[in-house]
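Single-structure report; data block below.
The values are calculated or read from the model by the stated rules, or taken from the named source; none is laboratory data. All of these numbers come straight from a predicted model, not from anything done at the bench. Cβ placement follows ideal geometry from the backbone for every residue including glycine, while neighbour counts extend to all protein chains displayed. Note: areas computed on protein heavy atoms with side chains; ligands, DNA, RNA excluded. Shrake-Rupley method; radii C 1.70, N 1.55, O 1.52, S 1.80 Å.
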Amino acid sequence: MKSQTALHKLLYMIIALVWLINGLLCKVLDLVPRHERIVAEILSVEYSRPLTVLIGISEIVMALWVISRFRSGLSASLQMALVLTMNILEIILVPKLLLWGRLNIIFALAFILIVYYNEFILGKRLKDN
């Protein structure tokens, strides 16, 4: 039970860290310019920087939501839907700009499975005990 609780907390932190790194470092601080190029290709070249920053801020907010555990089931569901939608759109529209091309979907699905497992399997198991 203790090890499951520790794993649950660790996975929450890892999930939040993924959102924080992608939002703050990659988008807001523009340490990975490829993200802005993706936004420019899909949404708008003219507004790519402000849109990228807004997306980054949204990801930072998601990280804070994950850490807060407020309505965690809703948070997990939204995360899974966003990651899947975003990755499908990117694979269709800009596969050449993705770090691993079309293989990005494998990493997206792995992240979705971790979010699902942590919230709906491990989290439920801990609530039931």
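Keeping all protein chains in the complex and leaving out DNA, RNA and ligands, what accessible area do you get for MET86 with a 1.4 Å probe, in Å² to the nearest 10?
70
Mean residue ellipticity at 222 nm from the helices of the chain, using -39,500 (n - 2.57) per DSSP H segment of n ≥ 4 over the full residue count, to the nearest 500 deg cm²/dmol? Walk me through the numbers before you get to the answer.
Details: 6 runs with 90 residues, N = 129.
That calculation yields -23000 deg cm²/dmol at 222 nm.
Computed from these coordinates, which is Cα extents along the principal axes in Å: [x] 51, 48, 26; [y] 53, 25, 21; [z] 46, 30, 26?
Matching entry in [x] 51, 48, 26; [y] 53, 25, 21; [z] 46, 30, 26: [y].
What angle, in degrees between 0 and 90 and rounded to the nearest 10, separates the Cα long axis of helix 104-116 from the longest principal axis of the Cα atoms of the chain?
With both axes taken from Cα atoms, the answer is about 30 degrees.
Which entries in LYS9/LYS127; LYS9/LYS96; LYS2/LYS27; LYS2/LYS124 show an alpha-carbon gap greater than 25 Å?
Working: LYS9/LYS127 13 Å; LYS9/LYS96 36 Å; LYS2/LYS27 36 Å; LYS2/LYS124 15 Å.
Over 25 Å Cα-Cα: LYS9/LYS96; LYS2/LYS27.
Over the chain, what is the mean sequence separation of C-alpha contacts under 8 Å (at least six apart), divided by residue count, expressed as relative contact order in percent? Walk me through the intermediate numbers first.
Numbers: 119 pairs, mean separation 37.1, N = 129.
Averaging sequence separation for qualifying contacts and normalising by length gives 29 percent for the chain.
Explain nothing, just compute: Karplus ³J(HN,Hα) = 6.51 cos²θ - 1.76 cosθ + 1.60, θ = phi - 60°, for every residue of the range 65-78 in order, whole Hz, x for Gly and Pro.
Using θ = phi - 60°, the values come out as 5, 4, 5, 5, 6, 5, 6, 4, x, 5, 4, 4, 4, 5 Hz.
Taking the dipole about the Cα centre of the chain, with the C-beta of Lys and Arg at +1 and of Asp and Glu at -1, give me whichever of LEU29, ALA63, SER44 is farthest to the positive side.
ALA63
So how far apart, in nm, are the two label points at LEU82 and GLU46 if each is 7 Å from Cα heading toward Cβ?
2.7
When only the heavy atoms of the protein chains count and the probe is 1.4 Å, how do TYR47, TYR12, TYR116 rank by accessible area, highest first?
Listed by decreasing accessible area, they come as TYR47, TYR116, TYR12.
Please turn the phi angles of the range 2-18 into ³J(HN,Hα) values with the Karplus equation 6.51 cos²θ - 1.76 cosθ + 1.60 (θ = phi - 60°), one per residue in order, whole Hz, x for glycine and proline.
4, 5, 5, 5, 5, 4, 4, 5, 4, 5, 4, 5, 5, 4, 4, 5, 4
With a 1.4 Å probe and every protein chain left in place, work out the accessible area per residue of the range 21-129 in Å², rounded to a whole number.
Details: 6510 Å² over 109 residues.
It amounts to 60 Å² per residue over the range 21-129.
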